[in-house]
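Let me begin by presenting the structure, written as structure tokens, before commenting on it.
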Amino acid sequence: MTYANNLHPQQGEKMVFDANPVLNERVTHYCPGCHHGIAHRLVSEVLHELGVADKTILVAAVGCSTFTYDYFNVDSVEAPHGRACAVATGVRRARPEAVVFTYQGDGDMAAIGMAESLHAANRGEKITTVFINNTVYGMTGGQMAPTTLIGQKTTTTRHGRNFSNEGGPIRLTEIMAGLQGVAYAARCALDSVKHVRKAKKAVRLAFDVQLDGLGFGFVELLAGCPTNWHMDPIAANKHIATDMIPIFPLGVFKDVKET
Amino acid sequence: MNTEQMPDRILVKGNEAVAYGAVDAGLRCYFGYPITPQNEIPEILSELLPEHEGVFVQAESEIGAVNMLLGAGACGIPAMTSSSSCGISLMQEGISYMAGSHVPGIIVNMSRGGPGLGDIGPSQGDYFQAVKGGGHGDHRNLVLAPSTAQECYDFMFKALDLAFTYRNPVMLLGDAIVAQIKEPVRRVPPAGTRTPEYLQSLVEDQRIEGYGARGKNARPRLLKSVYLAEGALAEHNRLLQRKYADMRKEALFDCEDVDDAGLVVVAFGSVGRIARSAVRQLRKAGHRIGLFRPVTLYPFPDEALSALARGRRFLVIEQNIGQMAEDVRLAVNGASPVLWHSVMPGLFIGANELVEPILQALNG
Amino acid sequence: MLRYQDVIIAGFGGQGVMLIGNLLAQASMEQELEVTFIPVYGVEMRGGTANCTVVLDSLPIGSPLVREPMSTVVLNEPSLAKFQPRLRKDGVQIVNASLIARELVDTTIRTVYIPAHDIAHGIGNVKLTNMVALGAWLKATDALPLKAVREALHRVVSAHYAKLIPINAVALEAGYNFADSYAHKNTQN
């Protein structure tokens, strides 16, 4: 379904914010207030600015972001749940001239796919991974994620996540930063304009290290899931600022270009 | 062919022959995780592929390996993985995705005894897993069963051809015997071999590469196996079934002394060659007996078997507790008796161990 | 012209049974024969013996595994215990007299009872026991010319050990000659 006509200036209207050719004009399936849309926009802007969309291959994950490929105007391949970094390894090795990125949620990347994620990073695969952390399984209906906060109620932690039973939230960016093959690792948030601007820079740097052949580029984006958090979008943004960021501190944890 | 014109033979293990065959056939990428009894495959390829500007990656697991294969296959690049039974079980999800996304690739299973950790001895216990799909959903792998080191070499060419012709996973199903046996191998491409460049051109309209590579007005391309719209998955499955029907013409088998035989032994892979010795021995003793060796296990050569059914009985011998016997019965469809003898997985048997059960079937 | 021959070669791990199996297979191939070599892995490896089976024929080979071999080369007692009962009644076995007591040898079976270890020691290296035994086997079975096996050493012995090829050839010959005179002695008896 496209709304191409509606997206362009009608009579008397002035263009203040243009569509991005790397993102198509399809309406997304994401819930209102979900931050996937912002994350998509950031990645597509970076690909557009770098002028590499026509040689980019997206490896899509499983979760809410399964259908990422419906929105990006790039060649794409679907990976089994958790295996995006392994598939991306195969793609990158088979097509060394391509720009390759994965776009994965917290369950896909840090639970079922932890081994593939860490080993691709440790090998220094020249790929970029955009990791969306919203502390919950979105597509399957709000179950616990490896990043779920202590005390957070989900459909499988009905009494709240309890460290003695479920362990604590995984801080993946810090782990990534400790691996030799990782060239860039940063955590950003999508809860405010200021943070979104910073996130854009981080996404760009995570692609730059790939294009420069320096290694694995990793960016974690703290994102809101109003639906499964049972909050309105504004409250969800506040939740990121007050509850998530203290547990998942923002910043650049590794940048080989800076050291 | 005149022997003087033939190139020198090299004495290599079945595993080594797989590696040499892969490189000679045009393999570009290998992804795998060590497991006995197939380790010579990754060991040799780790040396050869980089020397031929190819890619070798030791993956973190068989799950990693098969998904790297999916990635490279999606790019339309000749790629393979290899493992043994337990590792192949771990790969099934990825194989199903490959089948569902029409991704070419080669999976070598030098199988071992099971279930569970089993042993590293000879076994054909993975027959069902290989030929009935193995992973979830209605999918099929093309399956080749080598019985000699030479076939290990030759079948890598065949496997690559089939994978790209049908855009489908192809499995080479061997065992500890064919993996570890050392035999003379002629390292020359089999007759009818098509170039890797030609094979890759067969998937030009499907591979991912970055749409810019396809010219100015190219549209982005997507390889996927998910079809959620109403009726879309049904259509996808119909397409797959048409492809599997097309594959039927690829059935291959090896036949010996069946014309006047009253009893035909049916056996594949290593057991197929051991049975050949037993059949020859009994034939010399005057028994009217023949051998039928399926070379492709999927598609199963059922038409050829069915054509033999009139006036002949069959004895299926396999090193498992009765798997191919079911396909033989389906092929024969009641037209003649199908007997069955099981060799327990893990045993090392020679031809003499098969003589007695064959004699029993002859007299029975 | 050889029609068919098979042999199981067995001994302790480290006695070089795989090496002489490989050498025999390589030489057979170079003689334009069909040949299979298969090392048998399994629990018995931990029981102290390693073994391999070599089958040679002028026709394509069916079974590479043999339950009742036509010949054996046994370098230690556990291997004799395992394979002597399986040897065909008209077969021949090469028995390492240096490590295997004579009373264990079945007198109804044609046997070359050769002090392979001692002969190797005399040549200058006990690691040549395997070559001495293979030399004896070549004479006892007449399966391949000694020269063919001697030549094949150049393909089987790694470059690192190439300087040891001549002494390996001496060991092969010593075993061959022992079996030759042994056969004469037995005929005269």
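Assorted remarks:
- Estimated inter-spin distance, B:Glu230 and C:Tyr4, nm [label 7 Å along Cα→Cβ]: 6.8 nm
- The protein assembly as shown, dipole about Cα centre (Lys/Arg Cβ +1, Asp/Glu Cβ -1), debye to the nearest 20: 440 debye
- Length gained when the stretch B:Lys132-B:Arg238 is fully extended (0.36 nm per residue, less Cα-Cα span): 36.4 nm
- Fluctuation leader among C:Gly135, C:Gly91, C:Gly11 - chain C, Gaussian network, Cα springs under 10 angstrom: C:Gly91
- Hz values of 3J(HN,Hα) by residue in region C:122-134 - Karplus curve (6.51, -1.76, 1.60), Gly and Pro given as x: x, 6, x, 7, 5, 5, 8, 3, 4, 5, 4, 5, 5
- The overall shape of region B:157-233, judged from the alpha-carbon gyration tensor, is oblate: a/c is not under 1.5, and a/b is no greater than b/c.
- Principal axes of the protein assembly as shown: Cα extent on each, largest first, Å: 119, 65, 57
- Dipole magnitude of chain B about its Cα centre (Cβ charges: Lys, Arg +1; Asp, Glu -1), debye to nearest 20: 820 debye
- Spin-label model distance (nm) - B:Asp246 vs B:Glu51, 7 Å beyond Cα toward Cβ: 3.7 nm
- The H on the amide N of B:Gln319, modeled in the peptide plane, is under 5 Å from the matching H of B:Gln124, B:Val343, each at least 5 residues off or on a different chain.
- 3J(HN,Hα) from dihedral phi, region A:51-57, Karplus parametrisation 6.51/-1.76/1.60, rounded to Hz, x for glycine, proline: x, 10, 4, 6, 10, 9, 10
- Residue-wise HN-Hα coupling along region A:133-148, computed from phi with Karplus coefficients 6.51, -1.76, 1.60 (Hz; x: Gly, Pro): 10, 10, 6, 7, 7, x, 5, 7, x, x, 7, 5, 10, x, 9, 3
- All aspartates and glutamates inside 18 Å of C:Lys82 as judged from Cα atoms, apart from same-chain residues fewer than 8 positions distant: B:Glu353, C:Asp6, C:Glu44, C:Glu68, C:Asp90, C:Glu103, C:Asp106
- Toward the positive end of the charge dipole of the protein assembly as shown, with +1 on the Cβ of Lys and Arg and -1 on the Cβ of Asp and Glu, the farthest Cα among B:Val203, B:Thr193, B:Val343 is that of B:Val203.
- Cα-based shape type of region C:5-188, given that a ≥ b ≥ c are square roots of the gyration tensor eigenvalues and the cut on a/c is 1.5: rounded
- Put in line by how crowded their Cβ is, counting other Cβ atoms within 10 Å and starting with the fewest, B:Phe164, B:Phe300 read B:Phe300, B:Phe164.
- Ratio of the Cα radius of gyration of region B:253-363 to 2.2 N^0.38 Å, where N counts its residues: 0.95
- Listed residue pairs exceeding 22 Å between alpha carbons, taken from A:Lys198/A:Lys238; A:Lys198/B:Lys216; A:Lys14/A:Lys198; B:Lys182/C:Lys127: A:Lys198/B:Lys216; A:Lys14/A:Lys198; B:Lys182/C:Lys127
- Computed from the Cβ-Cβ distance with R0 of 51 Å, the FRET efficiency linking A:Met231 to B:Thr36 stands at 0.45.
- Amide H partners (placed H, <5 Å) of A:Met139, local residues excluded: A:Cys64
- Rounded to the nearest 20 debye, the dipole magnitude of region B:253-363 is 280 debye, with +1 charges on Lys and Arg beta carbons, -1 on Asp and Glu beta carbons, and the Cα centre as origin.
- The shape of chain B comes out prolate: with a ≥ b ≥ c from the C-alpha gyration tensor, a/c is at least 1.5 and a/b beats b/c.
- Taking 24 Å as the straight-line reach from the Cα of C:Lys89, the lysines in range (excluding those fewer than 8 positions away in the same chain) are B:Lys284, C:Lys139, C:Lys185.
- Sequence-distant residues sharing a close amide H with B:Leu223 (under 5 Å, placed H): A:Ser76, A:Val77, A:Glu78
- Residue of B:Val23, B:Val178, B:Val226 that the Gaussian network model of chain B assigns the largest fluctuation, springs spanning Cα pairs under 10 Å: B:Val226
- Tail weight of P(r) past 18 Å, computed on alpha-carbon pairs of region C:106-189, percent: 42 percent
- Directionally averaged shadow of region A:36-255, computed from the convex hull of its alpha-carbon atoms, nm²: 10.7 nm²
FYI, it's all coordinate maths here, none of it is from the lab. Not measured: the values here are computed from a predicted model. Neighbour counts are summed over all protein chains in view; Cβ atoms, including those assigned to glycine, are modelled from backbone coordinates with ideal geometry.
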